[in-house]
Amino acid sequence: MNDNKKKESPSIDKWLKEAKADPNAIKSGMFLVHNGTVRVTPKVQVREGIDDGSVVTGMEFGYDAEKVDAAVAETYKMDGIFHVRTWLNEGTLDVGDDIMYVLIGGDIRPHVIDALQFLVGKIKNECVMEIEKK
């Protein structure tokens with residue numbers, strides 16, 4: 001994890017304009033964006049149904065940039081994927097703050113959905129450190 005200063009979120013409009021200006025854009029029939037945010041409901045409650053009565057007040061978040069880059073490279077190897085872009089926040093985040101953005105561009109909907117699911121899962125499971133504050 002780098003420093004404790006959260007970053008300014010990117011412009012998705014700008015990302016899409018840049019993606020569509022890329023020479024590979026003519027092969028893409030779909031772009032999908034994932035925007036993960038800090039929620040008030042604890043992960044254990046959402047994922048496992050365990051409600052201990054607590055609420056999230058924020059999060060400490062960091063990531064391994066080399067692992068993210070490797071995950072992006074792996075995503076580019078998937079069928080029909082021509083554009084991948086990621087942005088991850090870091091530091092002390094508040095409820096409602098952006099955690100990450102992922103943009104995937106590809107030929108057909110099933111390929112793009114699969115790639116988004118793959119990359120977000122890989123980032124969340126292998127590349128980040130997140131500690132909920134309660």
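Only the coordinates and a few stated rules stand behind these numbers; no lab work does. Predicted model only: the values in this text are computed from it and were never measured. Cβ sites come from the backbone with ideal geometry, for glycine too, and all protein chains shown count toward neighbours.
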Quarter of the surface of the C-alpha convex hull for the chain, i.e. direction-averaged projected area in nm², equals 8.4 nm²
Applied in sequence order to the range 65-81, the curve 6.51 cos²θ - 1.76 cosθ + 1.60 (Karplus, θ = phi - 60°) yields integer Hz couplings, x standing for Gly and Pro, of 4, 5, 5, 4, 4, 5, 5, 4, 4, 5, 5, 4, 7, 6, 4, x, 9
Given backbone amide H placed at 1.01 Å from N, residues whose amide H is under 5 Å from that of residue 97, ignoring those fewer than 5 places away on the same chain, are 38
With -39,500 (n - 2.57) per DSSP H segment of 4 or more residues and division by the full residue count of the chain, the 222 nm estimate, nearest 500 deg cm²/dmol, is -9500 deg cm²/dmol
Longest principal axis of the chain (C-alpha) makes with the long axis of helix 12-21 (C-alpha) an angle, in degrees to the nearest 10, of 20 degrees
If one compares the long axis through the Cα atoms of helix 109-122 with the longest principal axis of the Cα atoms of the chain, the angle in degrees, nearest 10, works out at 40 degrees
Per the C-alpha gyration tensor (a ≥ b ≥ c, the square roots of its eigenvalues), the range 1-41 is rounded if a/c is under 1.5, else prolate if a/b beats b/c, else oblate; here it's prolate
Ordered by number, the trypsin sites (Lys or Arg not before Pro) in the range 17-102 that occupy a DSSP loop and have at most 16 other Cβ atoms within 10 Å are 39, 77
Placing +1 on each Lys and Arg Cβ and -1 on each Asp and Glu Cβ in the chain, then taking the dipole about the Cα centre, the residue among 41, 65, 84 whose Cα reaches farthest towards the positive end is 84
With label points set 7 Å from each Cα along the Cα-to-Cβ direction at residue 67 and residue 95, the distance between them in nm comes to 2.8 nm
For residue 134, counting only lysines whose alpha-carbon sits under 21 Å away and dropping same-chain residues fewer than eight positions off, the answer is 5, 6, 43, 124
